[in-house]
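So the structure is just underneath, and the comments pick up after that.
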Protein chains: 2
Amino acid sequence: MKNEKKTVTLDDIAVGDQFVSREFSLDAEQIKNFAREFDPQPFHLDETAASQSLFKGLAASGWHTAAITMLLMTESIPFANGLIGANVELSWPRPTRPGDILHVKSIITDIAPSKSKPDRGFVTLQIDTFNQNGEQVQKLTPKVLVFRRGAG
Amino acid sequence: MKNEKKTVTLDDIAVGDQFVSREFSLDAEQIKNFAREFDPQPFHLDETAASQSLFKGLAASGWHTAAITMLLMTESIPFANGLIGANVELSWPRPTRPGDILHVKSIITDIAPSKSKPDRGFVTLQIDTFNQNGEQVQKLTPKVLVFRRGAG
């Protein structure tokens with residue numbers, strides 16, 4: 001398959017490698033559209049209801065923040081075989097709000113070659129999503145499958 | 001706020017309580033639409049590319065499975081103050097496929113009253129998403145905030 005992006009394999013990466021995404025602007029309409037489809041709770045759908053909730057104002061669904069983070073990951077993490085995750089830990093220390101401009105910083109924290117299959121390994125990443133004030137809105141720790149050069 | 005659903009508070013629930021959702025049918029168009037917006041990788045977008053990938057056929061983004069699971073959770077878990085999560089563990093033991101009919105079974109596995117705020121507690125759930133063959137496509141373990149009666 002042709003690929004115009006420069007991509008990397010398990011042979012090309014090291015613990016400590018970092019990747020930074022572009023910025024993504026989020027508005028109230030996007031927040032409400034996602035919520036209507038997947039998380040129709042009042043604090044994600046309506047400013048007035050949200051102002052009376054624990055969030056004290058409209059907040060994006062955490063799953064919306066996670067989905068935007070995935071988009072920014074696919075654009076900024078150049079693993080040749082893509083991003084295939086099996087399990088993750090995920091937290092939202094702070095809500096994502098209308099008008100937020102998000103970006104994602106990823107760092108490789110562990111690389112474990114597969115014991116049974118020599119053509120691949122499992123790479124642990126720390127994926128931090130920040131708003132325009134440098135405040136963290138999501139912390140994601142996925143383990144993803146990465147192949148060696150020429151495999152997969 | 002009026003609420004026609006019968007809802008429950010921290011005073012009404014116990015470890016072992018279970019909730020089962022309705023069924024949700026997923027087709028290839030929905031899988032591709034979600035992927036175009038949030039996870040544009042070939043194995044979520046195109047049958048031919050997917051057949052040559054690790055997935056051996058079109059597969060939904062794990063974040064799409066997570067978002068559908070959230071929709072089914074909002075409909076089937078009757079906590080009066082909604083579902084507000086701070087952190088989760090999440091895994092996808094098997095891909096979600098076009099034609100899958102998903103449902104969600106939730107069970108309360110732990111209830112921890114807040115030490116600092118007597119009007120609330122943290123409830124741990126095990127949220128299992130199954131396809132029409134009873135095969136598990138997602139395992140989610142969130143900790144959510146639930147208020148006592150009359151609080152919040």
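The values are calculated or read from the model by the stated rules, or taken from the named source; none is laboratory data. As the structure is a computational prediction, the values presented were derived from the model and not from experiment. Methodologically, a virtual Cβ is constructed for each residue, glycine included, from the backbone with ideal geometry; neighbour enumeration extends over all protein chains shown. Protein only, heavy atoms only, side chains kept; ligands, DNA and RNA dropped before computing areas. Shrake-Rupley method; radii C 1.70, N 1.55, O 1.52, S 1.80 Å.
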- Can you give the Rg to Rh ratio for chain A, taking only C-alpha atoms and Rh from Kirkwood? 1.05
- What does the charge count near B:Phe147 come to, summing +1 for each Lys or Arg and -1 for each Asp or Glu among other residues with Cβ under 15 Å from its Cβ? +2
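Subtracting the Cα-Cα distance from 0.36 nm times the residue separation, let me have the gained length for A:Asn87 to A:Glu37 in nm, one decimal.
Result: 15.6 nm gained on full extension.
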- Item | Helix axis angle, A:62-76 relative to chain A longest principal axis, alpha carbon, degrees | 40
- Task: Taking the Cβ of B:Lys56 as the centre, find all other residues whose Cβ is under 15 Å away and add up their charges (Lys, Arg: +1; Asp, Glu: -1).
- Result: 0
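Counting only other chains, and only Cβ atoms inside 10 Å, what mean value do you get across the residues of B:102-111?
Numbers: counts 0, 0, 0, 0, 0, 0, 0, 0, 0, 0.
Per residue, the average neighbour count from other chains is 0.
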- Message: Quick check for me: using +1 on Lys/Arg Cβ and -1 on Asp/Glu Cβ, what's the dipole size of the stretch A:45-152 about its Cα centre, in debye to the nearest 20?
- Response: 540
- Task: Quickly estimate the mean residue ellipticity at 222 nm for chain A, helices only: each DSSP H run with n ≥ 4 gives -39500 (n - 2.57), and the total goes over all residues, rounded to 500.
- Result: -6500 deg cm²/dmol
- Query: Can you pull the mean other chain C-beta count within 10 Å for peptide A:55-65?
  - Reply: 3
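Give the Kirkwood hydrodynamic radius (Å, one decimal) of the protein assembly as shown, defined as one over the mean of 1/r across all pairs of different Cα atoms.
Every distinct Cα pair counted, the radius reaches 20.2 Å.
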- Note on the structure: Kirkwood Rh over alpha-carbon pairs of the stretch B:64-111 plugged into Stokes-Einstein at 25 °C, 0.890 mPa s gives a D in µm²/s of 194
- Extending each Cα 7 Å along its Cβ direction at B:Asn133 and A:Ile101, get the distance between those two points in nm, one decimal. 4.8
- Item | Other-copy label distances relative to A:Gly99, 7 angstrom Cα-Cβ extension, nm | 4.9
- Item | Shielding by partners - mean other protein chain Cβ count within 10 Å, residues of B:85-94 | 5
- Ranked by how many other beta carbons lie within 10 Å on average, peptides B:65-74, A:90-99 from highest: B:65-74, A:90-99
- Query: Restricting attention to the alpha-carbon atoms of the stretch A:1-60, what are Rg (one decimal) and Dmax (integer), both in Å?
  - Reply: 19.2, 53
- Within the accessible area of the stretch B:85-125 (1.4 Å probe), percent carbon and sulfur: 54
- Query: Near A:Asp27, within a Cβ-to-Cβ distance under 13 Å, what is the net charge of the other residues, with Lys and Arg +1 and Asp and Glu -1?
  - Reply: -1
- Note on the structure: Taking the dipole of the protein assembly as shown about the Cα centre (Lys, Arg +1; Asp, Glu -1; charges at Cβ), the one of B:Ala50, B:Asn131, B:Leu145 that reaches farthest to the positive side is B:Leu145
- Might you report the magnitude of the Cβ-based charge dipole of the stretch B:98-152 about its Cα centre, with Lys and Arg at +1 and Asp and Glu at -1, to the nearest 20 debye? 480
- Query: Which one of B:Ala59, B:Ala35, B:Ala49 has the biggest mean-square fluctuation once chain B is modelled by GNM with Cα springs under 10 Å?
  - Reply: B:Ala49
- For the stretch B:78-125 and the stretch A:112-145, what is the separation of their Cα centres, given in Å? 23
